[in-house]
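In what follows, a single structure is set out as structure tokens and then discussed.
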Amino acid sequence: MAGPSHSGDHKEGRLILSYFHPLIVAGQKITFDHLEPFSLVVPTATKAAGVRIDVVFSNHCFSETFDARVHLGGEVDVWDRHKRRVFDRMRYDLSKALPGIVQGLQTSAVFLTPESNFVRITMPGGIAGADYRMFFRIAKAEKGSGCDLRLRVESAYSPTIRQAVPARDMTKIRFVVLVDKTLRGEKVRRQYKR
């Protein structure tokens, strides 16, 4: 099961907690050190000194929905609360780029999706002609948490042509503008094209 973990390794006399438990896939230990939570400071028009954003990742970044017609046995289960998912090697390999994609958001544009979350579309080097989409939500953090906002990467994958909503059908916004709007409690309005 790969979900938030409270187990860890001992390094230099300290207990290091892992956010996701390691998995054994085809006899190989798979770790998720690259998906550990971290903080990002983004300077904006509202807060020039920077908005502190805590970033967390979902296990959807390295797993896919279980489908009994496709998954016929031998898959490694990943549980999202009570929903069965399975480890996906391609999603896992692509997820190694996620921390860098998040770090690069402050100079990027993102899109408001029809599901009212946001997506950053990139073209990583490993897959010719396919884009990689990182879906996320951003919200004000709880008071006393030590940060201003919380960004949760809900999923990330390279969609099929049928799955991919064209960028022209979504509302584009610069990430720093989204951060300022979120701080002020403003919603991003969908812009319909005629």
(request) Would you be able to say whether some residue in the range 82-90 is without any contact (Cβ under 8 Å) to a residue 40 or more places away in the chain, within 23 Å of Pro159 (Cβ to Cβ) and part of a helix (DSSP H, G or I)? (result) no
(message) Please pick out the residue among Gly146, Gly100, Gly73 that is open to solvent by less than 70 Å² (accessible area, probe 1.4 Å), touching a Lys or Arg at 6+ places or on another chain (Cβ under 9 Å) and of a type outside the set (Ser, Thr, Tyr).
(response) Gly146
(request) Have a look at Ile30, Ile53 and point out the one that is more than 17 Å from Glu154 (Cβ to Cβ) and crowded, with 16+ Cβ neighbours inside 10 Å. (result) Ile30
(request) Could you identify the single residue in Ala156, Ala167, Ala139, Ala109 that is over 18 Å from the mean Cα position of the chain (by Cα), open to solvent by less than 60 Å² (accessible area, probe 1.4 Å) and in contact (Cβ under 8 Å) with a residue 24 or more places away in the chain? (result) Ala167
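Taking Phe62, is it over 16 Å from Val153 (Cα atoms) and surrounded by 15 or more Cβ atoms within 10 Å (Cβ to Cβ)?
No; evaluated as a whole, the condition is false for this residue.
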(message) Go through (1) of a type outside the set (Gly, Ala, Ser); (2) assigned to a strand (DSSP E or B); (3) farther than 16 Å from Val55 by Cβ; (4) in contact with a helix residue (DSSP H, G or I) (Cβ under 9 Å, 6 or more places away or on another chain) for Met134 and report which single condition fails.
(response) (3)
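The values are calculated or read from the model by the stated rules, or taken from the named source; none is laboratory data. Here the structure is a predicted model, which is why all the values come from computation and not from measurement. A quick note on method: Cβ atoms are made from the backbone with ideal geometry, for glycine too, and the neighbour counts reach across all protein chains shown. Surface areas here come from the heavy atoms of the whole protein model, side chains and all, with no ligands, DNA or RNA. Shrake-Rupley method; radii C 1.70, N 1.55, O 1.52, S 1.80 Å.
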